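A short write-up of the structure that comes next.
Just so you know, all these numbers are worked out from the coordinates, no wet-lab data involved. Quick caveat: nothing in here was measured; it's all calculated off a predicted structure. Don't worry about glycine lacking a Cβ; one is built from the backbone with ideal geometry, like all the others, and counts go over all protein chains shown.
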Amino acid sequence: MAEKKLSKKALNSGFHRWYYGNLTCFSQEHMQTFGYLCSMLPLCKELYADDPDKMAESMDTYRTFFNTEPQLGAIIVGVTAGLEEARANGAEDVDSETINGLRAGLMGPIAGIGDSLVVGTVIPILLGIAMGMSGGGSPMGAIFYIIVWNLFAYFGMRFLYFKGYDMGTKAVEFLVGDIGNAIREAVTTLGGIVIGAVSASWISVKTSFALYNEAGEAYMVLQEKFDSVFPGLLTAIFVIFCWWLMAKKQLSPLKVMGLLVVIAFVGVLIGFFNPGLAY
Amino acid sequence: MNLVWQHMGWAWVDKREYDKLPLVDYVFPWISHICFSLIPTVAMCMAGEPVVNLIKEKLPMDGIPMKTLFTVGALLPCVGIAILLKQIVRNVLDFIPYLFGFTLAASMGINLVASTVVAGLFAILIFKLKMLELRKPAAASQSSAADNGWDDDEEDI
């Protein structure tokens, strides 16, 4: 049997579909799942053109939930393109469980790293430059941002996608064997630490609750007590609470968000939360 | 509204009508975008300052609705982080790297890029430890095979 090889046209189609459609049909339930399905579609069509059952099996692989930082995440999509090609050529170690294990193992860490490097660093730098160019109502800042960001995203994602594809085809054993497990565990640890840093840097849940004496002076400020125990304690508690609701109680993200709305409303009523903002 | 398109998409995937999938990702979401982003933005821009002042008057920042709205805004990102944690955390011990990263930023004031560098070092250490674990059984089985050979030689002697 002739070895199957993905054509440049199919790979380009897969990449462009990911570049444009990674988050277009976003929902809290499925996030980037449909973007991933549509990106893999031209590749699966080419690899399994003569076998509809195998095509269905391979498309079913990508029904599972997926969400990551989309720019850096292009490498994961490229890797699965390579793995799918290896599967089509009969690689024994590559099945749906292996591919999804790799996707699930990499998406969290890549999200943490991508959020800090791209969303937390590159985008603010570009926006800072663009805002500087927008003085006096000039449209140059917006034009600069649109052009530079899209060039960075397009060529960066393209490089990562095709690099991932090369890794997927050339290093199947490396990615799915014991060394692959060691790499995944290392990347998971890296991702966990970065996600912790992202939580503490970007999320701020604070309480405004305080006790006042007769002179109107606060003698017990609850947020200061929390900070003395562990800075950012409330933020960590809420993140772990949301994890517990979704992972252990199997609540959907929508229901968790609804519960947070109720908690926020009750918290505001009793004076536990007060953003203290003004127009 | 995107859930509606996705519901249609899952039905098409079940029926193996894959050629309709691009509609779900590239076409229908435009309807959601127009309804919930384009029309409200254009309406507010056209309505102008009087409507903005009306909103400020009817919804003051120290009222319950706006306080709740902004508190929810502060809490909702916790859901996104929790979704990421769901992919990484399998048992309680897996929270330690997360809390370590949290401590780096919250208690030690280390920024995200520096935290990534620190996390990278720990990733290298974990990888090397795992590789040592993998090599240990392989080395043990090789040395036991060599010992058996030596015993045979001794018996021969």
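Taken as entire DSSP H runs, the helices of chain B that both span 24 Å or more between Cα atoms along their own long axis and average -0.5 or more on the Kyte-Doolittle scale are B:112-156. The C-alpha atoms of chain A define a longest principal axis, and helix A:233-247 lies at about 40 degrees to it. With R₀ fixed at 35 Å, the C-beta to C-beta distance from residue B:10 to residue A:179 puts the FRET efficiency at about 0.45. I'd like the FRET efficiency for residue A:217 and residue A:272, computed as 1/(1 + (r/R0)^6) with the beta carbon distance as r and R0 of 25 Å, rounded to 0.05. Using R0 = 25 Å, I get an efficiency of 0.80.
The order of the peptides A:38-50, A:9-21, A:107-119 by mean Cβ neighbours within 10 Å, most packed first, is A:107-119, A:38-50, A:9-21. Take the Cα of residue B:39, go 7 Å toward its beta carbon, and the backbone nitrogen atoms of the stretch B:1-28 under 15 Å from that spot belong to B:1-2. Residues considered: B:95, B:122, B:28. Largest GNM mean-square fluctuation over chain B, using C-alpha springs under 10 Å, is found at B:28.
When the C-alpha to C-alpha distance is required to be over 18 Å, the pairs from A:45/A:170; A:249/B:67; A:4/A:170 that qualify are A:45/A:170; A:249/B:67. Extending 7 Å from the Cα toward the beta-carbon at both residue A:51 and residue A:250 defines two label points whose distance is 3.4 nm. Going from the fewest other Cβ atoms within 10 Å to the most, the residues A:202, B:30, B:5 appear in the order B:30, A:202, B:5.
Across A:88, A:186, A:215, mean-square fluctuation computed from a Gaussian network of chain A (C-alpha pairs under 10 Å connected) peaks at A:215. In chain B, the calculated helix contribution to ellipticity at 222 nm averages -24500 deg cm²/dmol per residue, counting -39,500 (n - 2.57) for every DSSP H run with n ≥ 4.
Going by neighbour counts of Cβ atoms within 10 Å, the residues B:46, A:220, A:167 line up, fewest first, as B:46, A:220, A:167. Relative to the dominant Cα principal axis of chain A, helix A:52-61 is inclined by about 20°. Comparing A:181, A:67, A:213 in a Gaussian network model of chain A (Cα springs below 10 Å), the most mobile by mean-square fluctuation is A:213. Within 10 Å, Cβ to Cβ, of residue A:85, how many net charges do the neighbouring residues add up to if Lys/Arg are +1 and Asp/Glu are -1? With Lys, Arg at +1 and Asp, Glu at -1, the neighbours total 0. What does the C-alpha gyration tensor say about the overall shape of the protein assembly as shown? Classify as rounded when a/c is under 1.5, otherwise prolate if a/b is larger than b/c, or oblate. Note, shape of the protein assembly as shown comes out oblate.
Local charge for residue A:253 was computed over the other residues whose Cβ lies under 13 Å away, with Lys and Arg +1 and Asp and Glu -1, and equals +2. Tally Lys and Arg at +1 and Asp and Glu at -1 over the other residues with C-beta under 15 Å from the C-beta of residue B:122: what net charge comes out? Taking every Cβ under 15 Å from that of residue B:122, the sum is +1.
3J(HN,Hα) couplings calculated from phi for the stretch A:144-157 with the Karplus curve 6.51 cos²θ - 1.76 cosθ + 1.60 (θ = phi - 60°) are, in sequence order, 4, 4, 4, 5, 5, 4, 5, 5, 4, 5, 5, 6, x, 5 Hz; Gly and Pro show x.
Compute the relative contact order of chain A as a whole-number percentage, counting only Cα pairs closer than 8 Å that sit 6 or more residues apart in sequence. Relative contact order here is 17 percent. Applying both filters, DSSP loop and at most 11 other Cβ atoms within 10 Å, to the GluC sites (Glu not before Pro) of the stretch A:183-279 gives A:214, A:217. Taking the longest Cα principal axis of chain A as reference, the axis of helix A:33-47 is set at about 10 degrees. Whole angstrom only: what separates the Cα centroid of the stretch A:24-39 from the Cα centroid of the stretch B:26-103? The two parts, judged by their Cα centres, are 19 Å apart. By the gyration tensor of its Cα atoms, with a ≥ b ≥ c the square roots of the eigenvalues, what is the shape of the stretch A:64-219: rounded for a/c under 1.5, prolate for a/b over b/c, or oblate? Here the stretch A:64-219 falls in the oblate category.
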